[in-house]
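Just below is one structure, and these are the notes that go with it.
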Amino acid sequence: MHSTPRTGTEEPLLSICDLRVTFGTPEGQVVAVDGASLDIHPGEVLAVVGESGSGKSQTALAVTGLLARNGTSEGSILWKGGEILGLPEHQLARLRSEEIAMVFQNPMTCLNPYLRISTQMIEGMTMNRKMTRTQARSACIDMLETVQIADAANRIDRYPHEFSGGMLQRIMIAMSLLRRPRLLIADEPTTALDVTVQMQIVQLLKHIRRKYGTAIMLITHDLGLVASISDRISIMYSGQIMESGLAENVFSNPRHPYTRALLDAIPRIDQNDGELRDIAGEPPDPASRTSGCPFHLRCGYRIASCIENRPDTLGSREHAHACHLSNET
Amino acid sequence: MLLQIENVTVEFSLPGSPARGRHSKNRLTALAGVSFALAERETLGIVGESGSGKTTLARAIVGMVPVQEGRIVWMGSDLSSTNQDSRRRIRKDMTMIFQNPLASLNPRMTIGQIIAEPCQIHEPGVSKTEIRRRVAETMEWVGLAPALANRYPHEFSGGQCQRIGIARALIARPRLIICDEPVAALDVSIRAQIVNLLKQLQDEFGISMIMISHDLSVIRHVSHRIMVMYLGHVMEVIPSRHLLQKSCHPYTRTLIESVPVPDPKIQKTRELPVIKSDPPLMNTPASGCRFATRCPIARDSCSDSQTALLEVESGHWLACPYCELPPEFESGN
Amino acid sequence: MITARLQSESLSEPGPGRSLWQDARRRIRQNPVAIVSFSILVLVGVFALFGPIFSGWSSEDINWNVLGNVETAGRPALDSGHYFGTDQLGRDLFVRTAHGVRVSLMVGIIGALIAIVVGTLYGTIAGYVGGRVDNLMMRTVDVIMSIPYMFVLIILLVMFGQSIVLLFVGIGLVSWLDMARIVRGQTLSIKNREFVESAIVIGVPPALIILRHILPNLVGIVIVYATLLIPNMIIFESFISFLGLGIQEPNTSLGVLISEGASQMQYGVLWQLGFPLFFFIVIQFGFFFLGDGIRDALDPKDRH
């Protein structure tokens, strides 16, 4: 296992070990996450990168206990060293409201369009923290200023539709930070936004990490976004982690063929690339997982053992990967 | 010239308020006097953020949005003055690929029927066997096994659905294909497949293309020229090989700087764009340059009058009088 | 040049695809409630059509032996041949119930058919053409809807005498209104789907767009609504008949039978109410559950 602790530092905030998430459907069992392990230390930004169906979002939902009804998770999820997998709902709810916050892709659908921003922000604070409304309100305004909403004192009383998408996402981030969580899970936070606004959100997330020391688990498909913000990366494919490590290591020295193929397949703005090297085929259907390495169907370096055995994850916290080929050489 | 767009303006009246006067507040200007020309075998990339009017422009060209002012000239004939019949004939030559692969295919038809439809509409005399042959040929071309012709769209993945959409666009051998965000809804590993397919399409059949996207790196990769739009106005038009070195409109530069590079070492050293606030709402009337409110080099005079789009070098058009031209440019390189 | 591409397993073999209809059929076969409802409805239909063959009586024959002594002699019994007993006039209730079920089902199905044909056509045209035409057409529907039709129909029936024709006119007048509204709304949303836009871009003429791209995508909701409309129409007819204004003697319907049975229930002849009511309820539940089952089967949430 590559979850060896960083030398000399504190224990990980969140440690997921061999997580398996399955969904029972009328068509049979669907394996969304298939033995994923990762950990996040306090104040660290971990990017979980993957395509649709790779299980990256389900991993995050399993952490917060928000899986769909037909989903079950096995394995171990440790929060500050204590097992949280299988905790009763009320304890998970407390964890979600106090320590682990989540921000989703589409801010518009997360806010009630009929209530003022102030109502929605203050609501949670006065309920749990025994604050007066005035105290809560000024705390909310402070937080809105932190996320760079100009004229927050007035704008807090507006309705969601009066803001642009980027501002709403900043408001969502502000709401999630109100209780000073230790971990912020951001699921595709910039996918629905324009590029210029995306950069603002990235800068905001960096600022928050500096100011509050919040650890961030960034779930995304965008390698460019990952390169701009994350300390470490875990690359997921078909429910498994293919490669993980420090961002510099993974980007400058990708070891897994999937990571390499991904980096070759995206056009870059800063280089005159020739023909893009595409990855033939499609990601496997989650309902019919194959044996061996999940990438073997599309891999150009396939050897016999790729089809039969699942490769072990080798390496350290700085850089680890699961591939037969490079394990042998 | 295959297609000429001359000073096209498109306005929508906002819902809830029946707008009477032309200059009523409740009208939203989606396109404000856009002009460009497209040559045979050329790919023009149109890039812009939401609200830039890029999709409206595509829809205006194919005639799905009425044009208030200006002309759209297709191979010498003004589209606004053509009758229904010749308009239909033009539709054979001008087709479109949509953003959402699955939603653009009728769920009740087999993909064979879907791909064959343009043939049936435009060449009613062609026999069934000939159509079947052409469908098979086209499917093979886009990388789909012809034996799948009896399948239904929901049985395919997003990337394959986009191939079906491309086959449908291709079968009647059009002269122009307009692609509206063709890869935005696809997974990263599938995007490159579709981008490469579109490039091959162009190389092999010499089809002109208008490629619309918010993703500047994709646009730069596939197109010959790039047109940058902001809130219904053209900011800059530039050959894509010059984009990085010679583009100088502050908005174009902001876009370039905002696209993250998948390399943490470069990302760390890159200069982050200085951009103020969010894009203004589209219906707020603004005089002058629409980008002035967010522009890092804006002067007082910027908000007075709209700057004209001027050709500063062959093929390079610019709507900003104040931006500094890159040194290579001034030396006449 | 296209590089060889991998097709996913299930798509590599040739052959016919699985249409959404086949999907729906497969799903409905897995839904026991819908299948049981459907089977029961088929049995009820068989009973209505062929039941009278197994009885020695006709719906108008009066058993004079029973008359005046219905409580005892007219009881449901196998040996007398009156399986469901007799009514107050000594007519065989088994045959009359079969007859009533037949008339009620016919009323329901004709009402639903009118709704399907008129409502779908009207709604699709209004929705697709849009603008002023849509406004005019839908306001007309609003006006017709605002008429208290039950009241008007009762007045008409009282004024012009009770006739089955007038009853069908009344049903035809109201049944398609909701359907037209539903179909129009659905058309509006389908019209803005990308596949319709792409058909417009290709140059498909409007009539063909409606026929090929819009109607097939409406069929699902039309079937579901029609299935739920049949029991409503049966209730409608029964209500009118219960008031004594609908189907006239010697013809009969479930509403008439229930009305007659209800008026006699205090004289110890409960079977006169029981049998028609049983069939009425079975038909109602049958259609409601079947409609629900069809709706679940067509629900796109299961698909990707």
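Just so it is clear, none of the values below were taken in a lab; they were calculated from the coordinates. In this text, all values refer to a predicted model and were calculated from it rather than measured experimentally. Here Cβ is always computed from backbone atoms with ideal geometry, including for glycine, and neighbour counts include all displayed protein chains.
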### Most mobile of C:ALA126, C:ALA207, C:ALA98 in a GNM of chain C (Cα contacts under 10 Å)
C:ALA207
#### Entry: Alpha carbon centroid spacing (whole Å) that separates the range A:143-181 from the range B:115-160
50
### Task
Return the Rg/Rh value of chain A, two decimal places, where both radii are evaluated on C-alpha atoms and Rh is the Kirkwood radius.
0.98
### Query
Considering chain C as a Gaussian network with a 10 Å cut-off on Cα pairs, which listed residue, C:ASP79, C:ASP23, C:ASP142, attains the greatest mean-square fluctuation?
C:ASP79
#### Entry: Helix-only CD estimate at 222 nm, as mean residue ellipticity for chain B, using -39500 (n - 2.57) per DSSP H run (n ≥ 4)
-9000 deg cm²/dmol
### Message
Please list, in order along the range C:238-254, the HN-Hα scalar couplings obtained from phi with the Karplus expression 6.51 cos²θ - 1.76 cosθ + 1.60 (θ = phi - 60°), rounded to whole Hz, x for Gly and Pro.
### Response
4, 5, 4, 5, 4, 6, x, 10, x, 4, 9, 4, x, 5, 8, 8, 4
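Evaluate E = 1/(1 + (r/R0)^6) for B:ARG173 and C:ALA207, where r is the Cβ-Cβ distance and R0 equals 25 Å; express this FRET efficiency to the nearest 0.05. Numbers along the way, then the final one.
Working: r = 26 Å, r/R0 = 1.04.
E between B:ARG173 and C:ALA207, to the nearest 0.05, is 0.45.
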### Query
To the nearest Å, what is the center-to-center distance of the range C:150-193 and the range C:229-282, using C-alpha atoms only?
22
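Within a 10 angstrom radius of each residue's Cβ in B:91-97, how many Cβ atoms of other chains show up on average? Whole number is fine. Please report the intermediate quantities before stating the final value.
On the way: counts 5, 2, 0, 2, 4, 6, 2.
What the average comes to for B:91-97 is 3.
In chain B, what percentage of the DSSP-assigned beta bridges are antiparallel, given to the nearest 5? Spell out each step's value before the answer.
On the way: 26 of 44 bridges.
Bridges in chain B are about 60 percent antiparallel.
Can you sort A:MET127, B:MET96, A:MET143 from fewest to most other Cβ atoms within 10 Å of each residue's own Cβ? Could the numbers behind the result be given before it?
Values: A:MET127 11, B:MET96 29, A:MET143 22.
Going from sparsest to densest Cβ surroundings: A:MET127, A:MET143, B:MET96.
Two decimals, Cα atoms only, Kirkwood Rh: what is Rg/Rh over chain B?
Working: Rg = 21.2 Å, Rh = 21.4 Å.
Result: Rg/Rh = 0.99.
Checking the table B:LYS92/B:LYS128; A:LYS56/B:LYS54; A:LYS211/B:LYS268; A:LYS206/B:LYS265 against a 22 Å threshold on Cα-Cα, which pairs fail?
A:LYS56/B:LYS54
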### Message
Within chain A, which whole H helices from DSSP have a Cα span along their axis of at least 15 Å and a mean Kyte-Doolittle hydropathy of 1.6 or more, if any?
### Response
none
#### Entry: Cα-projected label distance for C:ALA77 with A:ARG180, points at 7 Å along beta-carbon direction, nm
9.1
## Note on the structure
Here, the protein assembly as shown modelled as identical Cα point scatterers in vacuum has Debye log10 I(q)/I(0) at q = 0.09 Å⁻¹ of -1.12
### Task
Over the whole of B:43-52, what's the average partner chain Cβ count within 10 Å per residue? Rounded to a whole number, please.
2
## Note on the structure
Largest fluctuation, A:VAL45, A:VAL197, A:VAL103 only, Gaussian network model of chain A with Cα springs under 10 angstrom, belongs to A:VAL197
### Message
Viscosity 0.692 mPa s, temperature 37 °C: give me the Stokes-Einstein translational D for the range A:221-329 in µm²/s, with Rh taken as the Kirkwood radius over C-alpha pairs.
### Response
224
### Query
Give me the log10 of I(q) over I(0) for the range B:103-173 at q = 0.20, 0.23, 0.29 Å⁻¹, as the Debye formula computes it from C-alpha points; what are the numbers?
-0.72, -0.96, -1.50
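Please compute the contact order of chain A in relative form: average sequence separation of alpha-carbon pairs under 8 Å and at least six residues apart, divided by the residue count, as a percent. The partial results should precede the final answer.
Working: 600 pairs, mean separation 71.8, N = 329.
With pairs under 8 Å counted, the relative contact order is 22 percent.
Evaluate 2.2 N^0.38 Å with N set to the residue count of the range A:1-157, then give the Cα radius of gyration divided by it. All intermediate terms of the calculation are to be shown ahead of the outcome.
Values: Rg = 18.7 Å, N = 157, 2.2 N^0.38 = 15.0 Å.
Scaled against compact globular proteins, the figure is 1.24.
How high is the relative contact order of the range B:103-173, given as a whole-number percent (alpha carbon pairs under 8 Å, six or more residues apart)? Write down the numbers at each step before the final one.
Values: 80 pairs, mean separation 34.2, N = 71.
The value is 48 percent.
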### Query
From the phi of every residue in the range C:49-63, what ³J(HN,Hα) in whole Hz does the Karplus formula 6.51 cos²θ - 1.76 cosθ + 1.60 yield, where θ is phi - 60° and glycine or proline is x?
7, 10, x, x, 4, 8, 10, x, 9, 10, 5, 10, 4, 10, 7
#### Entry: Computed [θ] at 222 nm, deg cm²/dmol, chain A (DSSP H ≥ 4; -39,500 (n - 2.57); rounded to nearest 500)
-10000 deg cm²/dmol
### Query
In 5 Å bins starting at 0, how do the alpha-carbon pair distances of the range B:115-253 split up by percent?
2, 9, 18, 19, 17, 14, 9, 6, 5, 2, 1, 0
### Message
When only alpha-carbon atoms are used, what values of Rg and Dmax, in angstrom, describe chain C?
### Response
24.6, 94
### Task
Select from chain B the helices, each a whole stretch of DSSP H, whose alpha-carbon atoms run 24 Å or more along the helix axis and whose Kyte-Doolittle mean is at least -1.0; answer none if there are none.
B:188-205
### Task
On a 0 to 90° scale, report how tilted helix C:271-298 is relative to the longest principal axis of chain C, with both axes built from alpha carbons and the result rounded to the nearest 10.
10
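Give the Rg/Rh ratio for the range C:161-278, taking Rg as the radius of gyration of the Cα atoms and Rh as the Kirkwood radius, to two decimals.
Dividing the radius of gyration by the Kirkwood radius yields 1.24.
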### Query
How big is the range C:61-212 by Rg and Dmax over its Cα atoms, in Å?
24.4, 77
### Task
Calculate the radius of gyration of the Cα atoms of the range A:160-208 to one decimal place, then report Dmax, the largest Cα-Cα distance, as a whole number, both in Å.
10.7, 31
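Taking only DSSP H segments of four or more residues, each worth -39500 (n - 2.57), what value at 222 nm results for chain C once the sum is divided by all its residues, to the nearest 500 deg cm²/dmol?
Values: 13 runs with 201 residues, N = 304.
Calculated at 222 nm, the ellipticity per residue is -22000 deg cm²/dmol.
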